[in-house]
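Heads up: the structure comes next, in structure tokens.
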Amino acid sequence: MIHENTFKKIEFNGAKGLIYLGDKILVYRRDLKTKKSPGCLDMIGGGKDGDESPFETFKREVKEEVGLDIQASDIQFSCPFPSYDDPNMISFFFVTKPLNYLKSDVKFGNEGTEWLTMTPQEFVNRPDAIERQQKRVSDYLTGKLFV
């Protein structure tokens, strides 16, 4: 299910999500120099620029961080959630369909130290992943997130 505001110009803070390459998701390890969760595994995504829609933010971040060009038709799920940076705002969580990309298509950007693929459950179980992101993925896997 896709949230009704996914493609609209609304007030929100950012967008992160699960990018499927086959049955695995693409994640990255945050830089050690970052203030928020340095060295931890994170989902792809980030903050809104200008008047972007939630999808436009996610699309741009995916392109910047891993060099993949996703389309609206690639999204199979989206929902808002309270923003970590500003609890008075919302952010969006996305899940793509399995994309027609190979690992060799990934072009790692200038954020983070490495990218990895793993199953969503492996991400949830990793001791080095961001806990709030793990909870979001776990909630998605168990059907606790709603549009």
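The values are calculated or read from the model by the stated rules, or taken from the named source; none is laboratory data. Everything numeric in this text was worked out from a predicted model, so none of it was measured. Every residue, glycine among them, receives a Cβ derived from its backbone with ideal geometry; neighbour counts consider all protein chains shown.
Summary of computed values
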| item | result |
| --- | --- |
| Candidate set from the stretch 31-56 (those that are of a type in the set (S, T, N, Q) and modelled with pLDDT under 95); member that is surrounded by the most Cβ atoms within 10 Å (Cβ to Cβ) | SER37 |
| Of all residues making up the stretch 17-57, the number that are in a strand (DSSP E or B) and without any contact (Cβ under 8 Å) to a residue 12 or more places away in the chain | 0 |
| Residue check for PHE77: within 22 Å of LYS36 (Cβ to Cβ) and touching a His at 6+ places or on another chain (Cβ under 9 Å) | no |
| Residue in the stretch 115-132 that is in a strand (DSSP E or B), under 21 Å from GLY22 (Cβ atoms) and either of a type outside the set (A, V, I, L, M) or in contact with a Pro (Cβ under 7 Å, 6 or more places away or on another chain) (or both) present | yes |
| Residue within the stretch 98-109 that is within 23 Å of ARG132 (Cα to Cα) and of a type in the set (S, T, N, Q) present | no |
| Filter result for the condition that a residue is touching a helix residue (DSSP H, G or I) at 6+ places or on another chain (Cβ under 9 Å) and at pLDDT below 95, over PHE146, PHE108, PHE123 | PHE108 |
| Residues that are modelled with pLDDT of 95 or more and not hydrophobic (A, V, I, L, M, F, W, C), drawn from the stretch 81-97 | SER91, THR96, LYS97 |
| Residue among SER91, SER104 that is over 15 Å from VAL66 (Cβ atoms) and either among the small types (Gly, Ala, Ser) or assigned to a helix (DSSP H, G or I) (or both) | SER91 |
| From SER78, SER53, residue being under 21 Å from LEU141 (Cβ atoms) and among the polar types (S, T, N, Q) | SER78 |
| The listed residue being out of contact with any Leu (no Cβ under 6 Å at 6 or more places or on another chain), modelled with pLDDT of 95 or more and closer than 19 Å to ALA129 by Cα, out of LYS63, LYS8, LYS16, LYS59 | LYS16 |
